[in-house]
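Reviewing the structure listed below.
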Amino acid sequence: MTDVVIITEAAAFQIKDMMKEQEEENAYLRVAVNGGGCSGLSYGMGFEHEISEDDNVLEQHGLTFLVKKEDAPILNGTTIDYKQSLMGGGFTIDNPNAIAACGCGSSFRTKTVAGTPEEC
C-alpha cells in the first residue's frame, strides 16, 4: 500500500516532541477528516492508544500513525509539514484532493465529498 498521508521529517520531529511533552510516547497519531467547517470538511489530528480494524497503520520517520480506511480516499496524497516562522510554528496540510477551502485554511471539500458545511 502506498502512503495515504506523507508526514515530513520536520512534522514528525514536532509531533514526537509534542508526544514527549504530553507523556504520550506510546500513543499513535490519528490523522482524520471530520464533517464541519465552512467548506464542509476539516482535518483532525490527535493521539490514540488503540488501533481499530478499520484503520490503515502507517509509519514514517519513526512515527506510527493511523488513518481510517473511509478517510483514506479523501486524504490520499496529502502532505503534513511543520513550518517555523518569525510568528512561531505551525502545521501545514497540502491535500491535492481539496477543490475548495475556506479563508481560515482548516476547512475544505473534495470533488466527491462535500461534507457538512457550517456558517463561518
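Quick note: the coordinates plus some simple rules give every number you see, no bench work behind them. From a predicted model like this one, the values you see are computed outputs, not experimental measurements. FYI the Cβ positions are ideal-geometry reconstructions off the backbone, even for glycines, and counts take in every protein chain you see.
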Exercise for the section: Taking the Cβ of residue 55 as the centre, find all other residues whose Cβ is under 11 Å away and add up their charges (Lys, Arg: +1; Asp, Glu: -1). Expected result: -3
Exercise for the section: Mind listing the long-range amide H neighbours of residue 36? Cut-off is under 5 Å, sequence gap 5 or more, other chains count too, H placed in the peptide plane at 1.01 Å from N. Expected result: 41, 42, 116
Exercise for the section: Just order 55-66, 16-27 by mean Cβ neighbour count inside 10 Å, highest at the front, would you? Expected result: 55-66, 16-27
Exercise for the section: Give me the number: length gained by fully extending residue 26 to residue 100, i.e. 0.36 nm times residue separation minus the C-alpha to C-alpha distance, one decimal in nm. Expected result: 23.1 nm
Fill in the blank from the handout: Scaled by the rule-of-thumb 2.2 N^0.38 Å, the alpha carbon Rg for the range 5-110 gives a ratio of 1.06
Completion exercise
The extension gain from residue 10 to residue 61, computed as 0.36 nm times the residue separation minus the Cα-Cα distance, is 17.4 nm
